[in-house]
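A short write-up of the structure that comes next.
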Amino acid sequence: MNFTKMHGLGNDFIVVAGEKELPADADRRAIQLCNRFFSIGADGIVYILPSDNADFKMRIINSDGSEPEQCGNAIRCVSKYVYDHKLIDKTEITVETLGAGVQKVQLNVQDGKVRTVRVDMGQPILNGLQVPTTVDEAKVINYPIEVDGKEFRFTAVSMGNPHCVIYVEDAVNFDLATWGPKLEAHPMFPRKINVEFATVKNRAYTDMRVWERGAGPTLACGTGACATLVSSVLNGLTDREATVSLKGGELFIEWNEADNHVYMTGPAEEVFTGTV
């Protein structure tokens, strides 16, 4: 299998192009190849596949073998790959995702290479049961949740995949390893959940750290950054355009009031190619 190692702000993937469909053993491959000590190492494998509805289809398998509905960093990597490797020659493309439908992408190209990618991430889902959570409310904002006797308050947002955003005093130094897995698997979240811990610095800048469902702590999460911006607007903490700072770098997020869509802009990088 030929592959290209890529990352979006340190959220790294084994990118595979040329398959006609998702391999039957994709879960086993991901568990084996994403191992950072005995194989290539990555947060997941991304397959670029043919699509009947878009220029390309993207399927992602996490390092634990599970399949998420969407990934903002992965779609930027896919978009850079297909242009830089000359699978497409236009700078406005469409990518089909498992959970968020077909998404529109704009490529910023300099010297023949994609430098940044702006993705229309679609409309956020705020209904509690649709995120999904077990909370039957139209919007789940600042809602209490208890873990091991400690109470947090979360805001639930789906960007095609589920997120809960929790505000803390110091997201940069927060104890992800203790609280992330417990919240991910909490009974309030029937399909588990991605957990973002955020600290708003001002109305245009937020620190965020993430515990990703199926991958654990990652350096960045694009859908998580989008969910954090939406949550921050709902809680009256930021404006509709803000920079979200993750461990691997920054993403610029916009929640457009006119069309209710969330737009994410950020980089993607190719690291190396290989065969396994």
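The values are calculated or read from the model by the stated rules, or taken from the named source; none is laboratory data. As the structure is a computational prediction, the values presented were derived from the model and not from experiment. Because the Cβ atoms are built from the backbone with ideal geometry, glycine has one as well, and the counts that use them run over all protein chains shown. The area values use the complete protein model at the heavy-atom level, side chains included, leaving out ligands, DNA and RNA. Shrake-Rupley method; radii C 1.70, N 1.55, O 1.52, S 1.80 Å.
For this structure, a couple of remarks:
- Relative contact order (%) - criterion: Cα under 8 Å, at least six apart; region: region 123-276: 18 percent
- The chain, relative contact order in percent, only Cα pairs under 8 angstrom and at least six apart counted: 20 percent
- Spatially, region 209-253 and region 63-83 are offset by 16 Å when compared through their Cα centroids.
- Given K80/K192; K20/K182; K139/K201; K5/K57, the pairs whose alpha carbons are separated by over 28 Å: K80/K192; K20/K182
- Within a straight-line Cα-Cα reach of under 15 Å, K86 can be paired with the following aspartates and glutamates, leaving aside sequence neighbours fewer than 8 residues apart in one chain: D55, D111, E270.
- Probe 1.4 Å, all protein chains present, accessible-area order of V95, V172, largest first: V172, V95
- Selection of trypsin sites (Lys or Arg not before Pro), region 1-51, meeting DSSP coil and at most 14 other Cβ within 10 Å: K20, R36
- Low-density loop cleavage sites - GluC sites (Glu not before Pro) in region 180-257, where at most 12 other Cβ are within 10 Å (DSSP): E257
- The distance from the alpha carbon centre of region 135-167 to that of region 1-57 is 30 Å, rounded to a whole number.
- Pairs of alpha carbons in the chain separated by more than 26 Å make up 37% of all such pairs.
- For region 129-270, with all protein chains in place and a probe radius of 1.4 Å, 46% of the accessible heavy-atom surface sits on carbon or sulfur.
- Quarter of Cα convex hull surface for region 1-91, i.e. mean projection, nm²: 5.9 nm²
- Dipole moment magnitude, nearest 20 debye, the chain about Cα centre, only Lys, Arg, Asp, Glu C-beta charged: 360 debye
- Principal-axis tilt of helix 222-234 within the chain, Cα atoms, nearest 10 degrees: 30 degrees
- Per residue value of the accessible surface for the chain (all protein chains in place, 1.4 Å probe), Å²: 43 Å²
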